[in-house]
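The values are calculated or read from the model by the stated rules, or taken from the named source; none is laboratory data. Values in this document were obtained by computation on a predicted structure and should not be read as measured data. All Cβ positions, even for glycine, are placed from backbone atoms using ideal geometry, and neighbour counts span all protein chains on display.
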Amino acid sequence: MRPEVSFPISGARHTLLVPGYLADGDPHYFSKKDWEALGLTWDAFRGRAAQNATQKKVAAQLIRDRNKVVQYAAVSSDDPLTATMILAPSFLKTFKDIFGPTLLVALPNRFTVYVFPDLASGYKDYSSLVIQAYQDSAYPVSLEVFEISPAGIRAVGAFEDN
């Protein structure tokens, strides 16, 4: 079922950006009526959401191979808005020194973000990890892979759910 108010992500086949708010510890979507009453454009709302996401302080666990080379970062939290952290300008800055200026991210559920390098990325090697996190969650988000860069966010692929 599609929310009443949503916005596309470039290249995405199944994932949308949906404006909402947190009430009683849970995220809620805006109805079309409530969205219109706000009088905000999507860009203005996204700017405010990015500021809120910037305030989230969540530690990333760096996963290394046997040669001690970082393969990916895993971010998890009990915060139901954890996945929104990718919208914060500080998100790209946080991982730039580790992975470079362009990141690939997977958002299997509200509480989990996997960050992979764009160059020479072996993110598909972690398909089972991402798919399992998606399937095991009561709050799945997406099996698509998103590129985060100074130009913004766009979908660039997907993990297969077999």
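Among the residues making up segment 19-49, those that are among the small types (G, A, S), in a helix (DSSP H, G or I) and within 17 Å of the chain's Cα centre (by Cα) are G47, A49. The selection criterion, being modelled with pLDDT under 90 and out of contact with any Leu (no Cβ under 7 Å at 6 or more places or on another chain), holds for A88. Screening segment 76-110 for residues that are of a type in the set (A, V, I, L, M) and assigned to a strand (DSSP E or B) and picking the one that is surrounded by the most Cβ atoms within 10 Å (Cβ to Cβ) gives A106.
If you check L16, L87, L92 for being under 25 Å from V130 (Cα atoms), within 17 Å of the chain's Cα centre (by Cα) and free of Cβ contacts under 8 Å to residues at least 40 places away in the same chain, only one passes: L16.
Being within 24 Å of F7 (Cβ to Cβ), of a type in the set (D, E), modelled with pLDDT under 95 and in contact with a strand residue (DSSP E or B) (Cβ under 7 Å, 6 or more places away or on another chain), is that true of even one residue in segment 137-149? Within segment 137-149, none of the residues are within 24 Å of F7 (Cβ to Cβ), of a type in the set (D, E), modelled with pLDDT under 95 and in contact with a strand residue (DSSP E or B) (Cβ under 7 Å, 6 or more places away or on another chain). Taken over segment 1-18, the criterion of being part of a loop (DSSP other than H, G, I, E, B) and touching a strand residue (DSSP E or B) at 6+ places or on another chain (Cβ under 9 Å) is satisfied by R2, P3, E4, V5, S6, I9, G11, A12, R13, H14, T15, V18. If you check V145, V113 for being within 17 Å of A53 (Cβ to Cβ), buried (at least 20 other Cβ atoms within 10 Å of the Cβ) and either free of Cβ contacts under 8 Å to residues at least 60 places away in the same chain or in contact with a Lys or Arg (Cβ under 6 Å, 6 or more places away or on another chain) (or both), only one passes: V113.
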